[in-house]
Amino acid sequence: MRECDLYAPVKDFLQTQGYDVKGEIAGCDVVGVRGGEPPIIVELKLQLSLALVLQGVDRLSLSDRVYLAVVRPRRRRGPGASVYRRDVRALCRRLGLGLMTVEPEPRGGVEVLVDPEPYRPRKKARRLGRLLGEHARRAGDPTRGGVTRTPIVTAYRQEALRCALLIRDGRRTSLRALRETGIVPNAARILQRDVYGWFERVARATYGVTDRAARDMARFAAAGTLPEIRVEPPALYCPGRCPPPTS
């Protein structure tokens, strides 16, 4: 199959809409003109590729109505069917490119997946809130950007590590004692969910740490990503200098 095998179906598709269509005009594979409207430009390729996307972006300097046309995959999923992926279509919309699949002759046929339109992204307030909240709650910068196959030290993981460190140092610790430290405000949720398998209930509202917690804490300590534990000591009564505590 050749790219020129896609030309006739695309030409027929545009002609039925009243366009005067010609091929290979000033480096463009297909150009359709209708009255005083901006021309439609279609670039043909056997499959979607970065080269085709870049070619389409270049054609946007000539017209806002640019389509990328590729051979229609036999299946909508699997190898060769990237044209049907949601993120691919989202990319085309963001760039202002149209996207179509073409069934070569003798059957012929065109399926338009995306029409070229000005893209106005809608901000997702909830996702933005999560992003800013995670940035604010995370202590320090424990994870390098771009790492793979490495657990990300999120704010939630940092608080779970603080819980584990406090429990380990006291061997067993009550939920009330954890709350009173002031550094693990979500202790109840963390202990009950036990996402990482670090905690075990040894008595009512009292927890210990598992062997898995010990191994994971050692691993984070070796990587230098264990969070700091700073617990303020209780105020002491100092006769003659401090007023006695009220009952």
| query | Rounded to whole Å and sorted largest first, what semi-axes of the equivalent ellipsoid does the C-alpha gyration tensor of segment 3-114 yield via the square root of 5 times each eigenvalue? | reply | 21, 17, 12
| query | For LYS11, which lysines qualify as cross-link partners when the Cα separation must be under 18 Å and same-chain residues fewer than eight apart are set aside? | reply | LYS22, LYS45
| field | Compactness of segment 120-181, expressed as Rg and Dmax over alpha-carbon positions, Å | value | 16.1, 56
| Kirkwood hydrodynamic radius (C-alpha pairs) into Stokes-Einstein, the chain, 37 °C and 0.692 mPa s, D in µm²/s | 138 µm²/s
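From the helices alone, meaning DSSP H stretches of at least four residues, give me the mean residue ellipticity at 222 nm for the chain, per-run term -39500 (n - 2.57), in deg cm²/dmol to the nearest 500. Let's see the in-between values first.
Working: 8 runs with 84 residues, N = 247.
It lands at -10000 deg cm²/dmol.
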| request: Take peptides 128-136, 149-157 and line them up by average Cβ neighbours within 10 Å, highest first, as a rough protection proxy. | output: 149-157, 128-136
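At 0.36 nm per residue, and after removing the present C-alpha to C-alpha distance, how many nm does the segment from ALA203 to ALA125 gain when stretched out fully?
Working: separation 78, 0.36 × 78 = 28.08 nm, distance 4.19 nm.
So the extension gain works out to 23.9 nm.
Given a Förster distance of 30 angstrom, what is the FRET efficiency for ARG215 paired with ARG85, based on the Cβ-Cβ distance and rounded to 0.05? The partial results should precede the final answer.
Numbers: r = 39 Å, r/R0 = 1.30.
That pair, ARG215 with ARG85, gives E of 0.15.
For segment 64-195, would you read off the P(r) tail past 18 Å as a percentage of all alpha carbon pairs? Please report the intermediate quantities before stating the final value.
On the way: 6158 of 8646 pairs.
When every Cα pair of segment 64-195 is considered, 71 percent fall beyond 18 Å.
Report, in debye and to the nearest 20, how large the dipole of the chain comes out about its Cα centre when Lys and Arg carry +1 and Asp and Glu carry -1 on their Cβ.
Values: 45 positive and 27 negative charges, 313 e Å.
Roughly 1500 debye for the chain.
Every number in this text was worked out from the coordinates using simple rules, so none of it is lab data. Note that this is a predicted model, so its numbers are computed, not measured. Neighbour counts are summed over all protein chains in view; Cβ atoms, including those assigned to glycine, are modelled from backbone coordinates with ideal geometry.
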